[in-house]
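The values are calculated or read from the model by the stated rules, or taken from the named source; none is laboratory data. This is a predicted model, so every value here is computed, not measured. Cβ placement follows ideal geometry from the backbone for every residue including glycine, while neighbour counts extend to all protein chains displayed.
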Amino acid sequence: MRFVSFILNNRLTVAPECLVDDPDLKAVPFCELPEFEESPFEQNFDYDEKLQQILFGKMLLLDEINLPLEIIHNHFERGYLKYNPGIRKNKYGWHCNRCGNEKDHLFASFSCFRCKSERCFYCRNCIMMGRVSMCTPLISWIGPDVKWDNVNDLVWEGELSKGQQVASDRFVEQVGKSGELLIWAVCGAGKTEVLFKGIETALKNGYRVCIATPRTDVVLELTPRLKAVFPNTCIASYYGGSEERDILAQLVISTTHQLFRFKQAFNIMIVDEVDAFPYSYDQTLQHAVLAAVKPHHFKLYLSATPSSKMKKEVPSVKIQMRFHGFPLPVPKIVWGGEWKKRLERGKLPPAFLKWLKLQASSGRRAMIFVPSVSIIEKVTELVRKHVEVKVDFVYAEDPLRKEKVEAFRKNEISILITTTILERGVTVPFLDVAIFGADHNVFSESALVQMAGRAGRKKEDHSGQVIFFHYGKSLSMIKAVKHIKEMNKEAGF
Ligand SMILES: [Zn+2]
Ligand SMILES: [Zn+2]
């Protein structure tokens, strides 16, 4: 969109070109406007509550606000919202105000119908959230704060394990303070329950809380659980394709990517699976977390496999024991032969086949992790040839991903073949885990620990089987087994 600038009441102001009927004013892309002042705040203005709800704690494109431009601009004129440049140029190059991207190669230009520029620059890094370009301002709310209803009782009858209780108390103590804390909990320690009391305390104090996780599957698993224990709290989940994004929620469960939409919104930010791809190495996602919190905030990190950097830099509390009090299943390392070559010949390794047949007749469920999407269909096809139970596969870009994971949870699929995308977040009872080609370099120590951690998570089934099928042990495999044994030892087994 193009904007014009003009003098009004002795100060320079701006307006969308289409709202000003003056052919003498020169319309330019937003980022080429001269520096202008915010409009003074008009105390008695009868502001639009819907707009407040949409914008509070956010930074959105005009396209994302489903209200007429006249209404939006009227709030700018009364000092209730701010137009921020989407991208701006500094002496080093372009900077994206939404995702913080400053890498030259992640900006491109196109011939833009909105600002009529032949070379309208935009940020490629956050393009999946809608295009931020030279001519698209980002809108934020600077009017009155939303007041939350303080009925946020926790409705939960469960009991915490000793380890959970210690971590939970540490979190509760920190509510209202600033700083950070790492909860280092083994897979299956029950870290969600550890959050309940702290979240309740925060909500009751009128704080806004976000649980961010790199994975959509985790958002989908956490949301119903939190809605169940906080029945009176307004909770919304944010992920690509979610329908709750317009809901004004005091408790938000979001993928780290979707945090780009928020601005200074949260008093407490809980980053789940902090070591997980892609959060751990993507700088812009860390920028998103920082932009989404209020200046005075508390950050809580959760991980079963924290990086050594995090272990060193952040104060932590450890939960070594699973909530049900049984040890982590230790993976069995089984030589599977040249799995790659066999696969090319349309065959499965004999050791794997033997396990598969026993597995299928056991009545239990299994997750089989494979190292890449390229072999997933082949493996599935071969597995189906040998067993009678229902077998399916799922991968990151699978259009039916949500449905398939749901079917697996409901026991409508017995064997699910998947990539590392499901190494976290999926919890089903009576489950065994096999890693096909565990020696592949895509499987890091932490990925292997996480995948092994899928098994034995329920009290009624606390000791599932985990097998690494390999063609030559990798260092990651050895480290993963050592890691699990050490955690068990620390827990007293
Ligand atoms: Zn960007
Ligand atoms: Zn443009």
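Some observations on this one:
- For segment 339-403, the helices (runs of 4 or more DSSP H) that sit wholly inside it and include 2 or more residues that are within 33 Å of the chain's Cα centre (by Cα) and buried (at least 20 other Cβ atoms within 10 Å of the Cβ) are 376-386.
- Single match in SER178, SER117 (criterion: farther than 30 Å from LYS489 by Cβ and within 16 Å of ligand 2 (Cβ to nearest atom)): SER117
- Residue in segment 11-22 that is under 22 Å from MET134 (Cα atoms) and among the acidic types (Asp, Glu) present: yes
- Selection count where residues are crowded, with 21+ Cβ neighbours inside 10 Å and of a type in the set (Asp, Glu), scope segment 190-216: 1
- Failed criterion for ASP46 (all others in (1) modelled with pLDDT of 95 or more; (2) exposed (fewer than 14 other Cβ atoms within 10 Å of the Cβ); (3) within 18 Å of ALA291 (Cβ to Cβ) hold): (3)
- Matching residues, segment 217-250, being assigned to a helix (DSSP H, G or I), over 16 Å from the mean Cα position of the chain (by Cα) and surrounded by 19 or more Cβ atoms within 10 Å (Cβ to Cβ): VAL229
- Number of residues in segment 1-28 that are farther than 22 Å from PRO40 by Cβ, part of a strand (DSSP E or B) and more than 16 Å from ligand 2 (Cβ to nearest atom) equals 0.
- As a summary of the residue check, HIS105 satisfies the conditions (1) in a loop (DSSP other than H, G, I, E, B); (2) not assigned by TED's automatic domain parsing to the domain that holds ALA249 except for the one numbered (1).
- Applying the criterion of being modelled with pLDDT under 95 and part of a loop (DSSP other than H, G, I, E, B) to the residues of segment 473-493, the residue that is nearest to ILE333 (Cα to Cα) is PHE493.
- Applying a threshold of 9 Å to beta carbon distances and a minimum spacing of six or more residues, or different chains, the list of pairs starting in segment 106-129 at a residue that is closer than 18 Å to GLU64 by Cβ and ending at one that is within 16 Å of ligand 1 (Cβ to nearest atom) and among the acidic types (Asp, Glu) reads MET129/GLU64.
- Taking the numbered list (1) buried (at least 19 other Cβ atoms within 10 Å of the Cβ); (2) of a type in the set (Lys, Arg); (3) more than 26 Å from the chain's Cα centre (by Cα) in turn, ARG114 passes all entries but (1).
- Among the residues making up segment 132-151, a single one is in a loop (DSSP other than H, G, I, E, B), within 9 Å of ligand 2 (Cβ to nearest atom) and under 27 Å from the mean Cα position of the chain (by Cα): THR136.
- Residues that are outside any loop (DSSP other than H, G, I, E, B), at pLDDT 90 or above and either within 16 Å of ligand 1 (Cβ to nearest atom) or at positive phi (or both), drawn from segment 260-287: PHE260, ARG261, PHE262
- Residue satisfying all of: in segment 404-426; within 14 Å of THR213 (Cβ to Cβ) and of a type in the set (Val, Ile, Thr); modelled with the lowest pLDDT among these: VAL426
- Apart from one condition, PRO144 fits all of (1) closer than 18 Å to PHE56 by Cβ; (2) within 16 Å of ligand 1 (Cβ to nearest atom); the exception is (2).
- Restricting segment 70-102 to residues that are free of Cβ contacts under 8 Å to residues at least 12 places away in the same chain and either within 16 Å of ligand 2 (Cβ to nearest atom) or not in a helix (DSSP H, G or I) (or both) leaves a set whose member that is surrounded by the most Cβ atoms within 10 Å (Cβ to Cβ) is GLU102.
- Single residue of SER303, SER362, SER316, SER308 found to be under 30 Å from PHE493 (Cα atoms) and touching a Leu at 6+ places or on another chain (Cβ under 6 Å): SER316
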